[in-house]
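One structure is given here, and the rest of the page talks about it.
The values are calculated or read from the model by the stated rules, or taken from the named source; none is laboratory data. Keep in mind that this is a model prediction, so the values were computed, not measured. FYI the Cβ positions are ideal-geometry reconstructions off the backbone, even for glycines, and counts take in every protein chain you see. Areas reflect the complete protein model, heavy atoms only, side chains present, ligands, DNA and RNA absent. Shrake-Rupley method; radii C 1.70, N 1.55, O 1.52, S 1.80 Å.
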Amino acid sequence: IAERRFSLGVQLIAAHADPLDLAMGYSDVAEGAIVAPAGLAPGEFAKAHGRIEGADLLILALGRLGGRALTHASDLDIIYVYDAPDGAMSDGPKPLSATDYFNRLANRVTAALSVSTAAGPLYDVDTRLRPQGSEGMLAVSLPGFLDYQRKEAWTWEHMALCRARPIYGSPERRERLREAICAILQEKRDPAMTR
């Protein structure tokens with residue numbers, strides 16, 4: 001990953017490629033760096049806690065990552081969302097509720113992205129755009145996320161959703177999340193409140 005990021009930086013400095021193409025390249029590298037540990041973490045996690053039937057972790061990219069306009073110095077703005085049946089528990093030797101399960105799993109993915117290397121952390125991960133910011137749960141249920149966006153989110157939080165892009169999770173659930181976000185962004189707004 002570091003080599004690929006370095007290569008993109010050299011191309012930028014040498015003016016060998018369009019800066020917008022390089023921003024997409026940085027975004028693709030970061031997305032791969034997210035998808036890889038997110039895909040591996042559940043297998044290791046399942047050894048102790050099992051799996052939750054019919055549940056899925058989704059990762060929503062926002063900011064420059066969501067807009068595919070990342071730079072070398074950008075952090076990764078992401079929100080972890082999970083979709084699980086009501087009252088679901090994992091089926092492993094140490095069962096967990098869906099809330100605990102996906103919050104611990106999200107923490108592992110964040111730790112993998114932020115791992116220290118000789119050149120410093122792989123990426124700075126910013127999860128403060130989630131409902132209730134840094135005071136809220138790291139991973140939020142899909143119904144909870146959508147309910148928050150419809151009833152409690154501030155205008156600036158909806159502005160952040162303009163660049164939201166689901167990058168991890170089952171294709172069906174990613175599409176469902178994308179459609180729900182589009183519907184929220186198309187709702188009528190009070191002009192005075194927006195101003």
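Odds and ends about this structure:
- With contributions of -39500 (n - 2.57) from each DSSP H run of at least four residues, the per-residue ellipticity at 222 nm computed over the chain stands at -16000 deg cm²/dmol.
- In region 136-184, the chymotrypsin sites (Phe, Trp or Tyr not before Pro) that fall in loop regions by DSSP, at most 14 other Cβ within 10 Å: TRP154
- Expressed to the nearest 5 percent, the antiparallel share of DSSP beta bridges inside the chain is 70 percent.
- Accessible surface of the chain, 1.4 Å probe, proportion on carbon and sulfur as whole %: 55 percent
- The charge dipole of region 98-146, taken about its Cα centre with unit charges on the Cβ atoms of Lys, Arg (+1), Asp and Glu (-1) only, comes to about 80 debye.
- Modelled label positions at GLU157 and ALA46, each set 7 Å beyond Cα in the direction of Cβ, lie 3.3 nm from each other.
- With each label modelled as a point 7 angstrom along the Cα→C-beta vector, the TYR148-GLN132 pair spans 0.8 nm.
- For the chain, the membrane-span-like helix rule (DSSP H, alpha carbon extent of at least 20 Å along the helix axis, mean Kyte-Doolittle at least -1.0) picks out 19-49, 98-113, 171-185; this says nothing about an actual membrane.
- Applying 0.36 nm per residue to the separation of CYS182 and LYS94 and subtracting their alpha-carbon distance, the gain on full extension is 27.9 nm.
- Cα-based equivalent ellipsoid of the chain: semi-axis lengths in Å, sorted from largest, via gyration tensor: 28, 25, 13
- Accessible area expressed per residue, the chain, with surrounding protein chains retained (probe 1.4 Å, Å²): 55 Å²
- Per-bin percent of Cα-Cα distances, region 110-160 [10 Å]: 23, 42, 22, 12, 1
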